[in-house]
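Data block below; observations after.
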Amino acid sequence: MQYTISHYIPEASLPRVLELLEHDNLIVLVKKERKTRHGDYRRLPNGKHQITVNGSLNKYRFLITLIHEIAHLEAFSKFGRQIKPHGLEWKHTFQHLMLPFINPEVFPDAILPALAKHFKNPKASSDTDVQLALALKQLDAPNNKSFIFEVLLHQTFKIHNGRVFKKGAKRRTRHECVEVKTGKTYLFNANAEVDIIND
């Protein structure tokens with residue numbers, strides 16, 4: 001486990017991460033990229049606990065995702081299975097587990113302000129925090145994709161599965177986009193990554 005996990009997280013975070021992973025019944029799997037999630041946690045029928053994390057994430061997003069999922073295990077173990085998956089118990093557990101990592105030895109200085117702000121009240125997904133998502137994206141390998149908020153009004157774009165949309169008006173935090181083929185309207189997070197289509 002130590003050899004495997006060390007490839008995916010910042011070096012300075014390894015000792016603390018290994019401490020958190022010392023659960024007898026915990027299995028951690030690194031998966032190929034999944035478009036709908038960065039990671040997940042579930043209790044298996046045999047009583048063991050399984051955490052999966054996408055191996056395609058940069059090491060800082062991988063660490064945040066791993067701790068997010070460990071927080072599910074810790075919160076359910078401490079407070080019982082009846083709690084909400086991303087309720088107050090999980091939020092407080094996630095904050096407590098992440099605090100030792102939020103320092104310049106683990107994260108680049110450029111990310112720390114957005115990270116500190118995010119963990120005042122962590123969301124179910126770091127992707128819904130536009131500032132943190134943008135800061136983390138700067139550390140990804142270049143992929144020529146754009147965020148929805150960078151797409152011009154009425155400009156067309158393509159998502160990962162090939163569907164084509166035209167950007168519309170912004171609601172409070174999300175953007176209305178019309179699928180060109182069907183005329184149906186969908187809401188996109190501001191930091192969804194897309195390929196702009198140049199007409």
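Residues that are touching a residue at least 12 places away in the same chain (Cβ under 8 Å), within 20 Å of residue 35 (Cα to Cα) and in contact with a Cys (Cβ under 8 Å, 6 or more places away or on another chain): does the stretch 159-166 have at least one? Yes, the stretch 159-166 contains a residue that is touching a residue at least 12 places away in the same chain (Cβ under 8 Å), within 20 Å of residue 35 (Cα to Cα) and in contact with a Cys (Cβ under 8 Å, 6 or more places away or on another chain). Taking the listed residues 118, 160, 154, 86, the one that is touching a helix residue (DSSP H, G or I) at 6+ places or on another chain (Cβ under 8 Å) and either assigned by TED's automatic domain parsing to the domain that holds residue 39 or not aliphatic (A, V, I, L, M) (or both) is 118, with no other qualifying. When the residues of the stretch 8-18 are filtered to those that are in contact (Cβ under 8 Å) with a residue 40 or more places away in the chain and over 19 Å from the mean Cα position of the chain (by Cα), the one that is surrounded by the fewest Cβ atoms within 10 Å (Cβ to Cβ) is 12. Taking strands (runs of 3 or more DSSP E) as the structural unit, those lying wholly within the stretch 82-199 and holding at least 1 residues that are β-branched (Val, Ile, Thr), at negative phi and out of contact with any Ser or Thr (no Cβ under 7 Å at 6 or more places or on another chain) correspond to 156-158, 185-189.
The values are calculated or read from the model by the stated rules, or taken from the named source; none is laboratory data. Bear in mind that the values here come from a model prediction, so they are computed numbers and not experimental data. Quick reminder, even Gly has a Cβ in these numbers, built from the backbone with ideal geometry, and neighbours come from all protein chains shown.
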